[in-house]
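Structure, as structure tokens:
The values are calculated or read from the model by the stated rules, or taken from the named source; none is laboratory data. Predicted model only: the values in this text are computed from it and were never measured. All Cβ positions, glycine included, derive from the backbone under ideal geometry; neighbour counts span all protein chains shown. Protein only, heavy atoms only, side chains kept; ligands, DNA and RNA dropped before computing areas. Shrake-Rupley method; radii C 1.70, N 1.55, O 1.52, S 1.80 Å.
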Amino acid sequence: MRVDFLKQIRPAFPSHNPVLNDGYHNDGVGTCEFNECLLVALDTCKLHGFGKNGEVSQDIWSIGYLTDGMIEKAMDAIERTACEHVLVMMHHHPLKIDDILDEQYDQMSNGPRFLELLGSSGKNCIVAHGHKHLVNLKRAPVGVRPAVLLSAASLAAYPYRGQDSHFCNQFHLLDFDLAERSRPQGTIFSWDWGASRWEESKKHTMPHISKFGPTLDLDAVEMKLRVVPIVGALNRAKLLAAVPEVEYLSLDQVNEINNRLETTGREILQTRSQVSGMMLQGDEL
């Protein structure tokens, strides 16, 4: 059986922790605490090969599945832990990446319900998944404290037909901000495979440094940037001291803010996917 094969893999799968592994293989839900974080591993492939007919079986194979029992066990562990931070790992998509890029229906049927429960748990939750490896970082649209979703890259996967431009062979490092108790917050560092080595990512969709944290009001950020005292230029430290939200802007959001500020002569500067400061140019210099 598939589970028996996975149990004999060395190094052990999916982790080196025997308690997490037992729960993962037996119930589809493995958990363990690491420092101040609860790790939850969900086997969304657990029902592969099952179904009343070929069509149902193929649906499960294509999009994965979370049973009601798996969701209940996962939420029970999250509610019982004293940890404020939760990292959930799974293979399949709990939510579509994007209605345009991810045209096929690859969202698990009960994924949104699980995300809503995570967002209402009172914990700081991050969900990491793979499957299509359409690299993306966003906040779930449900829950009081919405979970952060990382659609991770792959070390060596083959891109889906027609999605080559949105596909990345990368690896990521996730840095949780354990001091932040009110929301999931931290940094994701990403590297791309170059011609013969790993290099800091220059991908627009997932640059080398991607921060997540506060929910941003772009109108409010724009207004703050319009009135920041500046003569010539501001370095990164002074800019973030004046408008700390700038650090959490995505590359697309930086471009949008710069377009809005164009008539003022102000421009946010970036170096290696990070905000490096702001300059004032044109007639106001």
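Observations
- Given charges at beta-carbon only (K, R positive; D, E negative), |dipole| of the chain in Debye: 440
- Rounded to two decimals, the Cα-based Rg/Rh of region 178-285, with Kirkwood Rh, is 1.01.
- Accessible area in square angstrom per residue, the chain, 1.4 angstrom probe: 53
- Value in Å of the Kirkwood radius, where the chain supplies the Cα pairs that are averaged: 20.8
- Amide H contacts of residue 168 (H built 1.01 Å from N, in plane; Pro and chain starts excluded): 135, 154 sit under 5 Å, all sequence-distant by 5 or more or on other chains.
- Accessible area per residue was computed with a 1.4 Å probe on protein heavy atoms; residue 215 scores about 110 Å².
- Here residue 187 and residue 279 are evaluated by their C-beta separation; at R0 = 22 Å the FRET efficiency comes out at 0.35.
- Residues in region 173-180 carry Karplus couplings, in order, of 10, 9, 10, 6, 8, 6, 6, 7 Hz; the curve used is 6.51 cos²θ - 1.76 cosθ + 1.60 with θ = phi - 60°, and Gly or Pro positions show x.
- Relative protection proxy for 222-231, 19-28, from highest mean packing down: 19-28, 222-231 (other beta-carbon atoms within 10 angstrom).
- For region 223-285, the fraction of alpha-carbon pairs in successive 10 Å shells from zero, as %: 23, 63, 14
- Mean separation of Cα pairs under 8 Å and 6 or more residues apart, divided by the residue count, gives the chain a relative contact order of 10 percent.
- Helical mean residue ellipticity (222 nm; -39500 (n - 2.57) per DSSP H run of 4+; nearest 500) of the chain: -7500 deg cm²/dmol
- In nm, spacing of pseudo-spin labels at residue 144 and residue 19 (7 Å Cα→C-beta vector): 2.8
- Gained length - residue 255 relative to residue 177, 0.36 nm times residue gap less alpha-carbon distance: 25.5 nm
- On the beta carbon distance between residue 7 and residue 195, with R0 = 35 Å, the FRET formula returns roughly 0.35.
- Set of region 179-218 residues, backbone N closer than 18 Å to the point 7 Å along the Cα-Cβ line of residue 271: 200-202, 208-210
- Heavy-atom SASA rank of 72, 245 (probe 1.4 Å, accessible area, largest first): 72, 245
- If you sort 132, 73, 138 by accessible surface, 1.4 Å probe, largest first, the order is 73, 138, 132.
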